[in-house]
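We did not get these values from a lab; they are worked out from the coordinates using the rules stated. Keep in mind that what you see is a predicted model, and the values were worked out from it rather than measured. Methodologically, a virtual Cβ is constructed for each residue, glycine included, from the backbone with ideal geometry; neighbour enumeration extends over all protein chains shown.
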Amino acid sequence: MKLKELYIKNFKGVPSFKMSTNGANIIEIFGQNESGKTTLFDAVTWLLFGKDSLNSANFDIKTLNENGEAVHGLEHTVEGVFALNGNDTSLKKTYQEKWVKRRGSATREFTGHTVDHFIDGVPVKQKEYNQQINDICEEDLFRLLANPRYFNEVLHWQDRRTLLLRVCGDISDEDVIKSDPELSTLPDILKNRKLEDHRKVIAGRRTEINKELDKIPVRIDEIKSSAVNSRDKDTIAKDLATDTEGKKTAEGALKEIKAGGESSVLTTKLRDIENRINEIDNAAASAQIKAMNDRAKERRDLKDKVDTIGGDISIASRERESLTSGKQKVEENIERVKDEIVGLRERWHEEDVRVLKFEQSSTCPSCGQSLPEEELEAAREKALSVFNEAKAKTLTSITEGGKLKTAAIESYNKSAEEMAGKLQAVESAIKTLLDKKDKAEEALKQFDEHCNAKEPDNPEQIVLFKEKDRLEDTIRIKKDSVDSAAIAEGEAQIEAIDIRIMAYQKELMQIEANARIDVRIKELSDQERKLSAEFEGLEHQLYLTEQFIRTKVRLLEERINSRFKVARFKLFDEQINEGLKETCVVTVNGVPYPSMNNASRINVGLDICNALSDHFKKSLPVFIDNAEAVSKLLPTSAQQIRLTVSAKDKTLRIQGGK
């Protein structure tokens with residue numbers, strides 16, 4: 001498609017303009033700033049889509065007077081002739097006011113505007129007109145192919161990325177894996193899970209393993225602290241057997257001493273009671289050791305819960321501090337850039353009102369004669385041209401700087417909003433964690449108070465002790481007729497043996513407890529080794545996923561970049577501790593688009609228009625604003641309409657057509 005003719009009447013302050021290109025591939029339009037160059041592009045986009053070149057439907061079409069008020073009663077017309085597939089098609093739009101004289105009124109009233117549509121001179125309805133335009137080219141595609149800046153400055157980076165993948169094609173996971181033998185095991189690792197989902201699973205499991213690995217050494221130390229050194233089990237058993245046999249001998253001797261006396265029967269009962277008391281003591285001791293182990297485990301679990309919540313609070317607090325600091329820095333940047341915009345605005349107004357102070361002597365410095373008026377006027381015109389051109393460039397530079405800083409503020413505001421949302425979520429999480437910690441600490445406190453409470457005495461043992469005291473008193477009375485010294489010596493010997501036997505039994509019980517402790521320590525050590533091995537496996541899986549992403553990035557960027565002459569696309573950013581993050585930035589020789597000069601931006605935009613035009617099989621006129629900024633424009637297969645600032649051209653001048 002080529003623009004062959006364009007006629008404008010009363011459109012955005014241009015009273016009348018007619019351009020004939022004769023279908024030339026390169027049309028250059030020269031004019032001073034605000035002489036109507038961009039208005040030509042606005043006229044074409046309004047003719048086709050009812051919007052200006054900036055994609056806005058709300059702009060002033062009407063001619064304004066010196067007070068900035070619309071001049072009434074004018075007809076605003078744009079008509080264009082386009083070459084389409086060897087045929088010429090005429091499109092025309094007329095925008096005018098609608099005045100109605102109501103019944104009983106002497107004057108007409110303004111009631112709105114009407115827009116009339118024409119195709120090849122035939123009036124048509126708006127729907128039919130829009131359908132004809134849509135058949136020629138969809139609006140979004142037109143803006144992509146007709147405006148070199150649209151792709152990089154209007155499209156969101158995600159839309160740019162989607163468009164590139166649509167045009168150049170994505171890389172399948174199978175092709176990525178085949179390109180690197182190291183990735184051959186990745187499908188078995190992922191199974192049916194998506195790569196990003198599996199990376200989240202890995203991250204979650206690594207966190208769990210790290211927490212468990214931190215707890216295991218503490219648990220082992222606590223268990224070791226409950227172990228007590230003891231003698232060899234065989235030695236203890238040998239001593240126990242010796243004293244058990246010695247006790248039988250001592251009891252036999254004592255029995256002989258007491259034989260024949262009534263106290264022997266009572267002594268037998270007394271020994272039965274003492275044995276029963278010892279059994280109760282031994283059972284209580286065994287139960288106490290088991291209860292101690294159970295309580296220790298339960299307390300460790302409660303303490304682990306408190307510590308874990310405390311750790312989570314510390315992590316969340318650090319994140320809160322980081323977000324608060326980051327948000328403050330972003331807000332400071334916003335204020336700084338706002339101040340810079342105010343400074344640019346002041347500079348723009350200072351430059352805009354600056355006028356040329358022409359100082360030229362009317363007398364020739366050589367001969368002293370008066371200079372001709374035409375020479376003075378030529379010198380003044382030349383000085384004014386240089387001054388206006390420099391002023392225009394300065395105003396354009398300030399305006400471009402203001403746009404970049406406005407875009408920076410939008411980016412900063414978005415970052416500030418995201419950080420505020422995250423900060424609110426972190427604050428809520430910290431409050432929840434603090435509540436959980438309070439409850440966990442209260443549970444631990446109640447557990448300790450319960451454990452410190454004194455165990456009640458055994459009721460059976462109380463009765464036995466009372467019976468023991470009664471029998472001992474009775475036996476003491478009845479021993480008057482017996483050899484008291486021999487009996488006392490025998491009983492003392494037996495009592496000493498009983499004390500040693502109880503000590504041996506306690507030692508054996510501690511040996512059993514130590515054995516259980518050793519088993520538990522081995523279980524924890526085995527668990528630690530398994531977790532470490534699993535962690536190493538997860539690290540390898542994480543490496544493979546990152547290798548996959550980097551390989552896909554390389555293949556994808558190579559495929560996309562091969563479709564362009566000068567444009568190169570960066571589709572991923574390397575994030576610190578976060579792997580790769582999707583983006584879409586066009587570069588030329590390593591320089592990203594926001595940092596390019598105006599010439600590079602225009603040429604890389606033309607390169608993109610060429611590639612998209614080739615893909616969509618559409619050739620549309622390309623409007624190149626500020627074409628004077630480029631010494632050598634990139635050739636295009638499509639028609640180029642170059643809008644060039646020229647200080648000497650007060651009215652628009654066309655070169656390349658009629």
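Overview of values
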read-out: Sites S317 and E546, calculated FRET efficiency, Cβ-Cβ separation with R0 35 Å, nearest 0.05; value: 0.75
read-out: Order of T21, T399, T587 - criterion: other Cβ atoms within 10 Å of each residue's Cβ, fewest first; value: T399, T587, T21
read-out: Gained length - D116 relative to E196, 0.36 nm times residue gap less alpha-carbon distance; value: 23.4 nm
read-out: Set K4/K127; K18/K617; K127/K618; K93/K127 screened for pairs whose C-alpha atoms are more than 18 Å apart; value: K4/K127; K18/K617; K127/K618
read-out: Selection from L423, L266, I475, by position along the positive dipole direction of the chain (Cβ); value: L423
read-out: Sites L404 and K101 - FRET efficiency at Förster radius 51 Å, r taken between beta-carbons, to 0.05; value: 0.45
read-out: Hits among lysines - C-alpha to C-alpha of K632 under 23 Å, sequence gap 8 or more where chains match; value: K2, K37, K393, K565, K648
read-out: Cut-off 12 Å between beta-carbons: net charge of the residues surrounding E28, Lys and Arg +1, Asp and Glu -1; value: +1
read-out: Förster radius 41 Å - calculated FRET efficiency between E279 and I209 (Cβ-Cβ, nearest 0.05); value: 0.25
read-out: Overall form of region 596-657 per C-alpha gyration tensor (a/c, 1.5; a/b vs b/c); value: oblate
read-out: Label-zone membership for region 1-36, site S637, 7 angstrom Cα→C-beta point, backbone N under 16 Å; value: 1-2, 25
read-out: Helix-derived mean residue ellipticity, 222 nm - over the chain, DSSP H n ≥ 4, -39500 (n - 2.57), to 500; value: -22000 deg cm²/dmol
read-out: The chain: relative contact order in percent, alpha carbon pairs under 8 Å with at least 6 residues between; value: 28 percent
read-out: Sites excluded, GluC sites (Glu not before Pro) in DSSP loops with at most 16 other C-beta within 10 Å, longest stretch of the chain; value: 360-577
read-out: Degrees between helix 263-353 axis and first principal axis of the chain (Cα, 0 to 90, nearest 10); value: 10 degrees
read-out: Helix 484-561 axis, angle to the chain major axis (alpha carbon atoms, nearest 10°); value: 20 degrees
